[in-house]
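Peer 1: What follows is a single structure, and I will ask about it in a moment.
Read-outs throughout are calculated quantities, based only on the coordinates presented, and are distinct from any laboratory measurement. Bear in mind that the values here come from a model prediction, so they are computed numbers and not experimental data. Every residue, glycine as well, gets a Cβ built from its backbone with ideal geometry; the counts of neighbours run over all protein chains shown.
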Amino acid sequence: MRLQNKVAIVTGAASGFGAEIARQYIAEGAKVAVADINEAGAKEVAAGLGANAIAVKCDVTQRADIDALVKATVDAFGGLDIVVNNAGWTHRNQPLLDVDEATFDRVYAINVKSIFHMVHAVVPVLRKQRSGVILNIGSTAGMRPRPGLTWYNSSKGAVNLMSKSLAVELAPDNIRVNVICPVMGATALLESFMGVPDTPENRQRFIATIPLGRLSQPKDIARAAVYLASDEADFITGVEFPVDGGRTV
């Protein structure tokens with residue numbers, strides 16, 4: 001098993017990409033803190049994963065919640081090796097001037113500032129042991145943006161670039177940082193990304209822009225997250241890793 005005895009935190013893990021990353025990490029031998037603001041959902045996912053998973057309620061925009069999450073993980077499992085910053089949010093696809101300031105602030109708080117909080121909380125732990133992996137979930141939106149999502153696109157561009165800068169600065173501590181960039185997936189945010197009802201016709205219009213002819217699925221992102229967290233990737237850092245069916249080609 002590729003993650004045997006590793007300890008991981010996965011945020012936004014009550015559903016979607018995060019839940020599947022947690023499942024595949026457990027299957028590969030890891031111990032996982034399933035973190036989400038949706039406490040009931042996190043508990044349901046963790047219960048299905050067995051004794052090697054715990055559920056932690058966490059609002060990733062709040063430093064106190066992040067600190068409590070890290071402490072709960074270390075207390076439960078004796079350490080920390082992998083952090084997956086998966087929690088994310090978007091505004092609805094719409095003209096850029098129609099997005100209000102409160103929505104903009106929420107997108108940036110969840111997508112960008114949450115990583116600032118997490119890095120401050122976990123880097124001292126990882127530096128002390130001189131090892132660790134941080135995986136951020138960015139987006140192809142930060143590489144090849146679609147119209148109508150300007151503020152979301154820019155938040156994911158920040159995540160993509162931040163990840164590369166973190167990789168350079170943390171490399172002397174043997175802490176690897178990479179960013180996984182999914183194309184749109186069949187998650188709870190899909191209709192917001194499209195800006196139109198999720199009908200077969202509207203979905204097909206977006207699928208037509210992806211060369212491999214489908215949306216991303218949670219298993220696609222989870223497989224990438226397993227590889228990049230494993231020792232097989234021990235010389236890979238600072239990479240924008242598209243999981244996009246060719247969308248960014």
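Peer 1: Quick check: the angle from helix 63-77's long axis to the longest principal axis of the chain, C-alpha only, nearest 10 degrees?
Peer 2: That helix lies at roughly 50 degrees to the long axis.
Peer 1: Still on this structure: After finding the eigenvalues of the alpha carbon gyration tensor for segment 168-222, what semi-axes result from the square roots of 5 times each, listed largest first in whole Å?
Peer 2: Taking √(5λ) for each eigenvalue gives 32, 12, 9 Å, largest first.
Peer 1: Using the 2.2 N^0.38 Å rule of thumb for compact globular proteins, work out how the chain stacks up: its C-alpha Rg over that value, please.
Peer 2: So the chain has a normalised radius of gyration of 0.96.
Peer 1: Just add up the charged neighbours of S114: K/R +1, D/E -1, any other residue whose Cβ is under 12 Å from the Cβ of S114.
Peer 2: +1
Peer 1: Same structure again: If the label point is 7 Å along Cα→Cβ of A186, which residues in segment 208-234 have backbone nitrogen under 19 Å from it?
Peer 2: The answer is 208-224, whose backbone nitrogens lie closer than 19 Å to the label point.
Peer 1: Moving on. Two decimals, Cα atoms only, Kirkwood Rh: what is Rg/Rh over segment 1-143?
Peer 2: That ratio equals 0.99.
Peer 1: In addition: Pop out the ³J(HN,Hα) list for segment 87-92 in order, Karplus 6.51 cos²θ - 1.76 cosθ + 1.60 with θ = phi - 60°, rounded to Hz; leave Gly and Pro as x.
Peer 2: For segment 87-92, the Karplus-derived couplings read 4, x, 8, 9, 8, 5 Hz, x marking Gly and Pro.
Peer 1: Another question, if that's okay. Based only on other Cβ atoms within 10 Å, what is the fewest-to-most ordering of L97, L189, L170, L3?
Peer 2: Placing the least packed residue first, the sequence is L97, L189, L170, L3.
Peer 1: Which of A188, V74, G41 sits farthest toward the positive end of the charge dipole of the chain, with +1 on the Cβ of Lys and Arg and -1 on the Cβ of Asp and Glu?
Peer 2: Farthest along the dipole direction, towards plus: V74.
Peer 1: Ok, one more. Using amide H atoms built 1.01 Å from N in the peptide plane, name the residues 5+ places from G185, or on other chains, whose amide H lies under 5 Å from its own.
Peer 2: Under 5 Å from the amide H of G185: S216.
Peer 1: If you don't mind, there's one more thing I want to ask. Please list, short to long, the whole-number percent of alpha-carbon pairs of segment 110-173 in consecutive 10 angstrom bins beginning at zero.
Peer 2: 21, 47, 23, 8, 1
Peer 1: Considering only Q94, L161, T150, whose Cα is most displaced toward the positive end of the charge dipole of the chain, charges sitting on Cβ of Lys, Arg (+1) and Asp, Glu (-1)?
Peer 2: Projecting each Cα onto the dipole axis, the largest value belongs to L161.
Peer 1: Taking K and R as +1 and D and E as -1, what net charge do the other residues with C-beta under 15 Å from the C-beta of A158 add up to?
Peer 2: Charge balance near A158 sits at +2.
Peer 1: Give the separation of the Cα centroids, segment 177-203 to segment 104-120, in Å.
Peer 2: 20
Peer 1: Using the Karplus equation 6.51 cos²θ - 1.76 cosθ + 1.60 (θ = phi - 60°), what ³J(HN,Hα) coupling, rounded to whole Hz, does each residue of segment 181-186 give in order, writing x for Gly and Pro?
Peer 2: Per-residue couplings from phi come out as 10, x, 7, 3, x, 7 Hz.
Peer 1: Here's another thing I want to ask about it. Using Cβ counts within 10 Å as a stand-in for footprinting exposure, how do K57, K128 rank, fewest first?
Peer 2: The order, fewest Cβ neighbours first, is K128, K57.
Peer 1: Further question on the same structure: What distance in nm separates the simple spin-label points at L97 and L161, each placed 7 Å from Cα in the Cβ direction?
Peer 2: About 2.5 nm, to one decimal.
Peer 1: For every other residue with a beta carbon closer than 15 angstrom to the beta carbon of R127, add +1 if it is Lys or Arg and -1 if Asp or Glu, then tell me the sum.
Peer 2: Local net charge: 0.
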